[in-house]
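Here is the structure we will look at, set down as structure tokens.
The values are calculated or read from the model by the stated rules, or taken from the named source; none is laboratory data. All figures in this text were calculated on a predicted structure; none of them were measured in a lab. Ideal geometry is used to build each Cβ from the backbone, glycine not excepted, and the neighbour counts take in all protein chains shown.
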């Protein structure tokens with residue numbers, strides 16, 4: 001469970017840098033949130049532009065240096 005304004009950091013999942021989709025589920029079944037991406041650069045991470053802001057747009061996200069456990 002990820003609390004409101006919280007974050008989840010893992011190094012056990014490796015995403016494909018050429019594109020893919022990330023899904024989060026509510027109650028183990030319903031898709032609560034998803035984002036499709038077309039690329040990812042080595043050493044960068046996808047992060048919300050503003051913590052807690054959700055406009056249901058891919059524009060809510062940006063690729064930047066990882067914060068390693070510090071919510072931006």
- Subset of segment 15-25 (residues that are over 13 Å from the mean Cα position of the chain (by Cα) and surrounded by fewer than 11 Cβ atoms within 10 Å (Cβ to Cβ)): 16, 18
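Of all residues in segment 15-53, count the ones that are closer than 14 Å to residue 66 by Cβ and either in contact with a helix residue (DSSP H, G or I) (Cβ under 7 Å, 6 or more places away or on another chain) or part of a loop (DSSP other than H, G, I, E, B) (or both). Steps first, please.
Initially, segment 15-53 is screened for residues closer than 14 Å to residue 66 by Cβ, giving 15, 40-48.
Applying the additional criterion that residues be either in contact with a helix residue (DSSP H, G or I) (Cβ under 7 Å, 6 or more places away or on another chain) or part of a loop (DSSP other than H, G, I, E, B) (or both) yields 15, 40-44, 48.
Qualifying residue count for the region: 7.
Can you pull out the residues in segment 59-72 that are more than 16 Å from residue 3 (Cα to Cα) and modelled with pLDDT under 75? Even if it seems obvious, please write down each step before you answer.
Of the residues in segment 59-72, the ones more than 16 Å from residue 3 (Cα to Cα) are 59-68.
Residues satisfying the conditions are 67, 68.
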- Task: Please give the number of the condition residue 63 fails out of (1) surrounded by 12 or more Cβ atoms within 10 Å (Cβ to Cβ); (2) in a loop (DSSP other than H, G, I, E, B).
- Result: (2)
